[in-house]
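Enquirer: Quick one: the structure is below, and I'll ask about it shortly.
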Amino acid sequence: MSKKRYLALTGGVGGAKLALGLSQLLTAEQLSFAVNTGDDFEHLGLHISPDIDTLVYTLSGQSNPDTGWGRRDESWQFMQSLEQLGGETWFRLGDRDLAMHIQRTRQLAAGKSLTEITNRLAKALGIEHQILPMSDDPVRTRVQTQSGWMDFQEYFVKQQCRPAVTGFEYSGSEMAAINPQLVELLHSDNLAGILICPSNPFVSIDPILALPGMRQALIDSKAPVIAISPVVGGTAIKGPTVKMMQELSIPNTASWVAGHYADVLDGFVLDQQDAGLKAGVESLGLSVNCTQTVMNTLEDRVALAQDCLDFLHQLN
């Protein structure tokens, strides 16, 4: 009998935290990740895939524990030399991190797909779990602000999220194809559950859902779909989620996130602090699990992952 399989949609540091917990409980044969590539961009002639690299570094134990992104024990001689030469330094590439981008860029130029390259890089760092870019076609998240449209990294890194947000677009999504391996997994009879990790809805998960056919594939899937709230007590644990919500005049609540995903969901995971929102989320037609969702330690990540798997089992 084939093993049951699980799929996690993820992006950013918050998603990678839960991904690590899941990877401690499920084998490579049981667990795959679909990763946002809307953050990808070309910089200094290199193809940068921030969300893929955050997940790769997290699963391989090489992420920077202070930031959650980048590599631990990093050095910055390249950036120091580039600054001395008058180059662009607003997006900082560490010496060890640089190797990842150079290798990816060279292999893309040689005609390899982003999926194939990601698989090779992950295996080189000891990762067995399947990491699937959401698409091998380019999709680029753009942020509409009061200062005009900006590419995501310009807004997020160069401008440090300072401009007020008025909207988003996922350039290229209408022409992009869902990763074929992801399509195959979504249609698999062995798929036992799909998790939307506690990532930023607007810039980590919505780019994935913007791919033609993706929302419908989740709706049609025989496996239950749950999402874990990235908002706890009206605050985002990591990143600009709540700032974006406020600027868009959206309630900065976990229940709004539940409603945002409601058409594709069977269940929603609330933090215990937000237990008072349970009835409202249930009124959306969703089952609700209240648990500890703030992940400060590896034990927290594994405990939340176990709670999510138990919840999926209840929904099957």
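Enquirer: If Gly126 passes every condition in (1) modelled with pLDDT of 95 or more; (2) at negative phi but one, which one does it miss?
Expert: Among (1) modelled with pLDDT of 95 or more; (2) at negative phi, the lone unmet condition for Gly126 is (2).
Enquirer: With closer than 25 Å to Gln216 by Cβ, touching a residue at least 60 places away in the same chain (Cβ under 8 Å) and surrounded by fewer than 20 Cβ atoms within 10 Å (Cβ to Cβ) as the only criterion, which of Leu315, Leu284 stands out?
Expert: Leu315
Enquirer: Filter the range 197-250 for residues that are assigned to a strand (DSSP E or B) and not hydrophobic (A, V, I, L, M, F, W, C) and give the result.
Expert: Thr235
Enquirer: Report, by residue number, each residue of the range 11-53 that is open to solvent by 20 Å² or more (accessible area, probe 1.4 Å), over 10 Å from the mean Cα position of the chain (by Cα) and among the β-branched types (Val, Ile, Thr).
Expert: Thr27 - this is the single residue of the range 11-53 that is open to solvent by 20 Å² or more (accessible area, probe 1.4 Å), over 10 Å from the mean Cα position of the chain (by Cα) and among the β-branched types (Val, Ile, Thr).
Enquirer: Taking the condition farther than 22 Å from Leu286 by Cα, among the hydrophobic types (A, V, I, L, M, F, W, C) and in contact with a helix residue (DSSP H, G or I) (Cβ under 7 Å, 6 or more places away or on another chain), does Ile228 pass?
Expert: no
Enquirer: Tell me, yes or no, whether the range 43-59 has at least one residue that is farther than 22 Å from Thr89 by Cα, in contact (Cβ under 8 Å) with a residue 12 or more places away in the chain and small (Gly, Ala, Ser).
Expert: No, the conditions are met nowhere in the range 43-59.
The values are calculated or read from the model by the stated rules, or taken from the named source; none is laboratory data. Just so it is clear, the structure is predicted and the values come from calculations on it, not from any experiment. As a convention, Cβ positions derive from the backbone with ideal geometry for all residues, glycine included, and neighbour counts pool all protein chains shown. Ligands, DNA and RNA are excluded from the accessible area calculation, which covers all protein heavy atoms including side chains. Shrake-Rupley method; radii C 1.70, N 1.55, O 1.52, S 1.80 Å.
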